[in-house]
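Written below as structure tokens is the structure these notes are about.
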Amino acid sequence: MSVVNELPVERWQRTISAGFAGTRPLDDAELRGAVEGAVAALDAGTLRVASPPERAGGEWVTHSWLKQAILLYFRIHVSSTIHAGELEYFDKVPPKRNLEAAGVRVVPPGVARYGSFLEPGVILMPGFVNIGARVGEGTMVDTWATVGSCAQVGRHVHLSGGVGIGGVLEPPQAQPVIVEDDAFIGSRVIVVEGVRIGAGAVLGAGVVLTASTPIVDVTSFKAGETKGFVPPLSVVIPGTRTKKFAAGDYGVPCALIIGKRKGSTDTKTSLNDALREYGVAV
């Protein structure tokens with residue numbers, strides 16, 4: 001049996017998959033124990049919804065059974081009243097606890113939900129981190145930024161004010177949104193539908209990335225185009241390009257890669273250099 005820090009992972013996976021498929025009833029004691037154990041492990045950071053590549057150039061691996069555990073957690077639990085001083089809430093999922101011991105700073109009224117994991121040194125301003133998400137060491141989640149369910153945000157990332165990192169909970173096998181280490185995400189950027197932001201990338205204010213958004217590299221004489229992935233160290237700004245419709249020609253959104261951030265210097269220095277060199281609004 002595969003065990004992660006003495007957790008019965010394979011048994012939990014089999015039990016949860018059976019419960020999600022409906023071959024185990026929701027009131028089955030083993031199923032409930034597996035769901036509670038899996039979500040508690042997500043909360044403690046022992047398990048994670050998606051694992052980074054083991055080697056350079058590899059692929060992230062999404063663990064669909066952990067998404068199934070979260071969906072079953074919602075079905076098993078009922079909403080109850082939660083008090084935070086004079087504030088009252090009514091929900092199925094409580095907020096995280098023991099933040100001081102975890103080395104995490106949370107500024108009121110910022111909230112990280114139970115089942116998410118924040119590594120030491122995370123600063124959560126009045127924003128929100130949803131269940132299943134993971135935020136890496138030293139990352140800033142600035143005011144009104146949101147980290148959706150199961151999103152994976154790396155270490156020393158800056159999520160500026162109003163950033164929307166989307167949640168991807170269903171279907172369970174779908175890759176969550178991934179923001180890799182040292183990325184800088186500018187104000188009001190939206191990243192959804194399992195888009196992956198490579199390490200050290202810089203997204204200027206207002207960039208919107210969905211799975212179908214064209215990401216156009218305009219740094220050479222012939223533009224290259226991708227979707228769903230921003231290469232490491234890329235400097236990206238919002239753009240438009242003309243598309244013909246029955247009613248005429250109109251500009252439709254895209255994202256433009258206009259340069260590369262230097263990867264050989266101090267991360268703060270390389271960020272400041274990139275912002276200055278390319279005139280990127282953040």
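What follows is calculated from the coordinates using simple rules that are stated; it is not laboratory data. If you're wondering where the values come from, they're calculated on a predicted model, not measured in any experiment. All Cβ positions, glycine included, derive from the backbone under ideal geometry; neighbour counts span all protein chains shown.
Where both residues lie in the chain, what percent of DSSP beta bridges are antiparallel, nearest 5?
40 percent
Multiplying the residue separation of Ile76 and Ala29 by 0.36 nm and subtracting their alpha-carbon distance yields 15.8 nm.
Label separation (Asn272 vs Ala44): 4.2 nm, computed from points 7 Å beyond Cα along the C-beta direction.
Over the chain, what is the relative contact order in percent, taking alpha-carbon pairs closer than 8 angstrom and at least six residues apart? Mind showing how you got there, number by number?
Numbers: 726 pairs, mean separation 26.5, N = 282.
Value for the chain: 9 percent.
The alpha-carbon atoms of region 175-282, seen along their principal axes, cover 50, 32, 25 angstrom, with the largest extent given first.
Taking label points 7 Å from Cα along the Cα-to-Cβ direction, Leu99 and Tyr250 give a separation of 4.3 nm.
Per-residue extension of 0.36 nm, minus the Cα-Cα distance of Glu137 and Arg14, leaves a gain of 41.1 nm for this segment. Dividing the summed helix terms, -39500 (n - 2.57) for each DSSP H run of n ≥ 4, by the number of residues in the chain produces a 222 nm estimate of -6500 deg cm²/dmol to the nearest 500.
Here the calculated FRET efficiency for Ser212 and Ser51, from their Cβ-Cβ distance with R0 = 35 Å, stands at 0.85, rounded to the nearest 0.05.
Given an 8 Å cut-off on Cα distances and at least 6 residues of separation, report the relative contact order of region 80-141 as a percent.
That works out to 26 percent.
Comparing Pro253, Pro120, Pro25 in a Gaussian network model of the chain, where Cα atoms under 10 Å apart are tied by springs, the biggest mean-square fluctuation is seen for Pro25. When the C-alpha to C-alpha distance is required to be over 32 Å, the pairs from Lys227/Lys262; Lys227/Lys268; Lys222/Lys262; Lys67/Lys243; Lys92/Lys268; Lys96/Lys227 that qualify are Lys67/Lys243; Lys92/Lys268; Lys96/Lys227.
Compute the Kirkwood hydrodynamic radius of the chain, taking the inverse of the mean of 1/r over all pairs of distinct Cα atoms, and give it in Å to one decimal.
By the Kirkwood definition, the hydrodynamic radius is 19.9 Å.
Hey, with R₀ at 30 Å, roughly what FRET efficiency would Ala281 and Ala84 work out to, going by the Cβ-Cβ distance, to 0.05? Result of the calculation: an efficiency of 0.25.
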